[in-house]
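Engineer: Below is one structure. I have some questions about it.
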Amino acid sequence: MSEYRVEHDSMGEVHVPAQAYYGAQTQRAVENFPISGWALPHQLVHGIGMVKFACATANRDLGLLGDQCRSPLSDQQIESLLEACLEVAAGKWDAEFPVDVFQTGSGTSSNMNANEVISNRAIELNGGDRFASEKSIHPNDHVNMGQSTNDTFPTAIHVAVAIEIHQALLPALQRFHSVLAQKSEEWDNIVKIGRTHLADGTPIRLGQEVSGFAHQLKASVERAQRAINAVCELAVGGTAVGTGINTHPEFGGRVSTVLADKTGLPFVEAENHFEANAQRDGLVECHGQLRAIASTLFNVTNNIRWLGSGPRCGFNELRLPSRQPGSSIMPGKVNPVMCESAMQVAARVMGNDQTIALSGATGGNFQLNIMMPLMGQTTLESISLLASVSNAFVEFCAEEMEPNIDACEGSVEKSLSMVTSLNPYVGYEKAAALAKEAFASGKTIRQLCTEQNVLPKADLEQALDPLRMTRPRAADE
């Protein structure tokens, strides 16, 4: 058997791998773009398959693939076309999508890659010869009917991004929030010292501190939902430049409805197809929410890293699970590796956001943005990284971390900021003088105030009650 077969496109003959389901235009792109070795993300390939299914469904229901078609398909051929689209959406043919991410900026090469694979697979499913030169189910006339890369490729990006956030990132963030919220309740009676500017502050309960982290994750869940909402308008129906040339006026709306029904997500036809074709502002907004989520993950995991520092010369207020040896030279050393992994992911996503912002701002000239494959790949990478590292951090760190009660409570009396609660009794100036004297003498605020009889014993005990300091509103009621 020959290693190659000869296929034709509008530019002439092309040698294609003998058993490949893709055809001439895909092969030309493979040869033209030996850039990174990064194929389109599988999630985007699946999104393209889903969009092709919705387009074929709309064309079938409008009667455009049957008798109204220049080259009509039988009912069985239409069913084969729909089945082939669903196979691509399900990931069956991921290996048949070899085109590099850094390709033509509209994604035309990958759109034609999908058209060719679906065409040949549909022919095969219908009992035909997929190697025949005349395609009974044609990649352009049938699979791509009523479409342009310029409207369907951004549609596929939006669909893939929304699905991945909904199915992968949202559950991961919800899980993270749930674990932190539970920890904050369990640790609510553990008093420790608060810190501002990395300097000693007034007392706080460990549960209160962690409740702040939990709320950050709750807000991240809400941001992920807003990220989905930012990409729910779909460009499909605009075809080449937004005018809808060569497509049915109901096509975009019908395709969007099929996609919404199939995914359970609120996809709708774009309000303005000229904006939807030309600009990727929705994707920029979406990734901006991902950047904010990354910022939260960096902050929360870094704070946990600080609280777990030690074990003897740091704060050591949290005991983080030991995951692996921490040094090739220092025996017994264990590092906060899960925190560091999450922080690196967050840095990558923040860098990705600059790529997305630049691509959105400068890539949309007139009626087309020519940075779309990169924008799709980058956004899906960010979603995947955030989801994966959130799950890993919860499983290998957050669920197993425990409080070091002795370390938390042991530092409270030492804090000079304990003097803050004396302000109402002695005034700011006197309290500041007490703090300076306590620091110079090495005594605690309580010891110094007792020696100097600053307040009656009962009043002093009440004023310097660490637990009461953490709930001043309740104490005043």
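Engineer: Can you list residues from other chains, or at least 5 along the same chain, whose modelled amide H is less than 5 Å from the amide H of Arg5?
Structural biologist: Under 5 Å from the amide H of Arg5 lie the amide H atoms of Val16, Ala18, each far enough along the sequence or on another chain.
Engineer: In debye, nearest 20: dipole of the range 157-408 around its Cα centre with unit charges on the Cβ of K, R (+) and D, E (-)? Mind showing how you got there, number by number?
Structural biologist: Numbers: 18 positive and 24 negative charges, 125 e Å.
Computed charge dipole of the range 157-408: roughly 600 debye.
Engineer: With unit charges on the beta carbon (Lys/Arg positive, Asp/Glu negative), name the residue among Leu65, Gly12, Trp38 whose Cα is farthest towards the positive pole of the charge dipole of the range 1-97.
Structural biologist: Ranked along the dipole, the leading option is Trp38.
Engineer: At a 10 Å Cβ-Cβ cut-off, how would you order Asp100, Asp75, fewest neighbours first? Working shown, then result.
Structural biologist: Values: Asp100 19, Asp75 10.
Ranking Asp100, Asp75 by Cβ neighbours within 10 Å, fewest first, gives Asp75, Asp100.
Engineer: Once you charge only the Cβ atoms, +1 for Lys and Arg and -1 for Asp and Glu, what is the size of the charge dipole of the range 320-442 about its Cα centre, to the nearest 20 debye?
Structural biologist: On the way: 6 positive and 12 negative charges, 77 e Å.
The dipole of the range 320-442 has a size of about 380 debye.
Engineer: Which one of Cys55, Met338, Ser309 has its Cα pushed farthest toward the positive end of the charge dipole of the chain, where Lys and Arg give +1 and Asp and Glu give -1 at the Cβ?
Structural biologist: Comparing the listed Cα positions along the dipole, Ser309 ranks first.
Engineer: May I have the pair-distance distribution P(r) for the chain, computed from all Cα-Cα distances with 20 Å bins from 0 and rounded to whole percent?
Structural biologist: 21, 38, 24, 13, 4, 0
Engineer: On C-alpha positions alone, give me the angle between the axis of helix 206-230 and the longest principal axis of the chain, in degrees, nearest 10.
Structural biologist: 20 degrees
Engineer: Considering only DSSP beta bridges whose two residues both sit in the chain, what percent are antiparallel, to the nearest 5?
Structural biologist: Values: 17 of 19 bridges.
Antiparallel: roughly 90 percent of the beta bridges in the chain.
Engineer: Taking the beta-carbon count within 10 Å as an exposure proxy, list Ile123, Ile370 from fewest neighbours to most. Can you show the working numbers first?
Structural biologist: On the way: Ile123 23, Ile370 16.
Going from sparsest to densest Cβ surroundings: Ile370, Ile123.
Engineer: For Asp200 and Gln225 in the same chain, what is the full-extension length gain: residue separation times 0.36 nm, less their Cα-Cα distance, in nm?
Structural biologist: Details: separation 25, 0.36 × 25 = 9.00 nm, distance 3.73 nm.
Using 0.36 nm per residue and subtracting the Cα-Cα distance, I get 5.3 nm.
Engineer: Another question, then. Quote the FRET efficiency, to the nearest 0.05, computed for Asp141 versus Arg471 with a Förster distance R0 of 51 Å and r equal to the Cβ-Cβ distance.
Structural biologist: 0.10
Engineer: Through the Karplus equation 6.51 cos²θ - 1.76 cosθ + 1.60, θ set to phi - 60°, convert the phi angles of the range 116-131 into ³J(HN,Hα) values in whole Hz; use x for Gly and Pro.
Structural biologist: Values, residue by residue: 5, 4, 5, 4, 5, 5, 5, 4, 4, 4, 7, x, x, 9, 6, 8 Hz.
Engineer: What order do you get for 22-28, 172-178, 125-131, 326-332 when each peptide is scored by the mean count of other beta carbon atoms within 10 Å, highest first?
Structural biologist: Numbers: 22-28: 23.3, 172-178: 20.9, 125-131: 15.1, 326-332: 8.6.
Per-residue mean Cβ counts within 10 Å order the peptides as 22-28, 172-178, 125-131, 326-332.
Engineer: According to the Kirkwood expression over distinct Cα-Cα pairs, how big is the hydrodynamic radius of the range 4-145, in Å?
Structural biologist: Working: mean 1/r = 0.0664 Å⁻¹.
This gives a value of 15.1 Å.
Engineer: State the Cα centre-to-centre distance between the range 398-477 and the range 291-333 in whole Å.
Structural biologist: When both Cα centres are located, 28 Å separates them.
Engineer: Need the C-alpha centroid separation for the range 75-99 versus the range 6-54, integer Å.
Structural biologist: 14 Å
Engineer: Cα-Cα pairs above 20 Å in the range 325-477: how many percent? All intermediate terms of the calculation are to be shown ahead of the outcome.
Structural biologist: Details: 8142 of 11628 pairs.
In whole percent, the share of Cα-Cα pairs in the range 325-477 beyond 20 Å is 70.
Engineer: Among Ala90, Gly105, Ser148, flag the residue with its Cα farthest along the positive direction of the charge dipole of the range 40-190, charges on Cβ as +1 for Lys/Arg and -1 for Asp/Glu.
Structural biologist: Gly105
Engineer: If you don't mind, another one. Quick one: dipole size for the chain, taken about the Cα centre, charges +1 on Lys/Arg Cβ and -1 on Asp/Glu Cβ, in debye to the nearest 20.
Structural biologist: Details: 36 positive and 54 negative charges, 340 e Å.
Computed charge dipole of the chain: roughly 1640 debye.
Engineer: Then there is this: Between Asp75 and Arg312, what length comes free when the chain is fully extended (0.36 nm per residue of separation minus the Cα-Cα distance, one decimal in nm)? Mind showing how you got there, number by number?
Structural biologist: Working: separation 237, 0.36 × 237 = 85.32 nm, distance 7.44 nm.
Computed gain between Asp75 and Arg312 is 77.9 nm.
Engineer: Can you put Ser110, Ser388, Ser10, Ser119 in order, fewest other beta carbons within 10 Å first? The partial results should precede the final answer.
Structural biologist: Working: Ser110 29, Ser388 15, Ser10 7, Ser119 26.
With the sparsest Cβ surroundings first, the list reads Ser10, Ser388, Ser119, Ser110.
Engineer: Additional query: Which whole-angstrom value gives the distance between the alpha carbon centres of the range 117-152 and the range 223-274?
Structural biologist: A separation of 23 Å, based on Cα centres.
Engineer: Karplus couplings for the range 57-68 from phi (6.51 cos²θ - 1.76 cosθ + 1.60, θ = phi - 60°), rounded to Hz, Gly and Pro as x?
Structural biologist: 5, 5, 5, 4, 5, 7, x, 7, 8, x, 4, 7
Engineer: Can you work out the Karplus-derived ³J(HN,Hα) for every residue in the range 140-145? Use 6.51 cos²θ - 1.76 cosθ + 1.60 with θ = phi - 60°, whole Hz, and x for glycine or proline.
Structural biologist: 8, 5, 10, 5, 9, 4
Where a number appears in this text, it was derived from the coordinates with a stated rule and is not lab data. Just so we're clear, the structure is a prediction, and the values are computed from it rather than from any experiment. As a convention, Cβ positions derive from the backbone with ideal geometry for all residues, glycine included, and neighbour counts pool all protein chains shown.
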